[in-house]
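One structure coming up, written as structure tokens, with questions to follow.
The values are calculated or read from the model by the stated rules, or taken from the named source; none is laboratory data. This is a predicted model, so every value here is computed, not measured. Cβ atoms come from the backbone with ideal geometry, glycine included; neighbour counts cover every protein chain shown. Ligands, DNA and RNA are stripped out before the accessible areas are found, and what is left, the full protein with its side chains, is counted by its heavy atoms. Shrake-Rupley method; radii C 1.70, N 1.55, O 1.52, S 1.80 Å.
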Amino acid sequence: MATKFVSALLVSSVLLLSFEAASALKCWRCSSDASTAAFCDDPFTQDIITEQQRRWSYVDCSYPPQVNYQFSQQNQQSRPVCKKMKQIINDRVVVSRSCSYEDVNTPPNSCLNAQTPSYIKTEFCETCLTDGCNGASQYGPAALMILVSALLAKLLAW
């Protein structure tokens, strides 16, 4: 019985991961310093977003960037990611959420080390690969996937 459950868990996890990889990545795109984007601050407040703000701010990030390969490596592969940054700009805290593209070999959260002008201090920067992940806690999507995988495995094991 335990072997059947483990097998079912493995199959359901692979199916969920395949589904996740096949769908387009959607990210939040906003900045807390915009007059109409109070929801973008920390913590992220989805319950105050209007339908129009949602249409403009929850966007498809799957389109690859236009890259001029004349001066860069031909075999460089990029992937879309959602990004959340917390910066101090001219002594004011600004939280921004956006789509970004990074090389598939880039270490996690390397955006924290990006060069910025002297009047900008980056306090926090992370990238993530699941829908809406730049608007929620870091473990929300992963925890949900684990829970759904376990439930599917339980159903398949019966």
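With the checklist (1) at pLDDT below 60; (2) over 19 Å from Q115 (Cβ atoms) in hand, flag the one item S72 doesn't pass.
Here S72 meets the rest and fails (2).
Let me ask something additional. Looking at (1) modelled with pLDDT under 90; (2) part of a helix (DSSP H, G or I), which is the one condition that is false for R54?
Checking R54 against (1) modelled with pLDDT under 90; (2) part of a helix (DSSP H, G or I), the one that fails is (1).
Same structure again: Would you be able to say whether some residue in the range 86-97 is in contact with a Pro (Cβ under 7 Å, 6 or more places away or on another chain) and open to solvent by 40 Å² or more (accessible area, probe 1.4 Å)?
no
Can you tell me how many residues within the range 114-133 are within 13 Å of K86 (Cα to Cα) and among the aromatic types (F, W, Y)?
Counting residues in the range 114-133 that are within 13 Å of K86 (Cα to Cα) and among the aromatic types (F, W, Y) gives 1.
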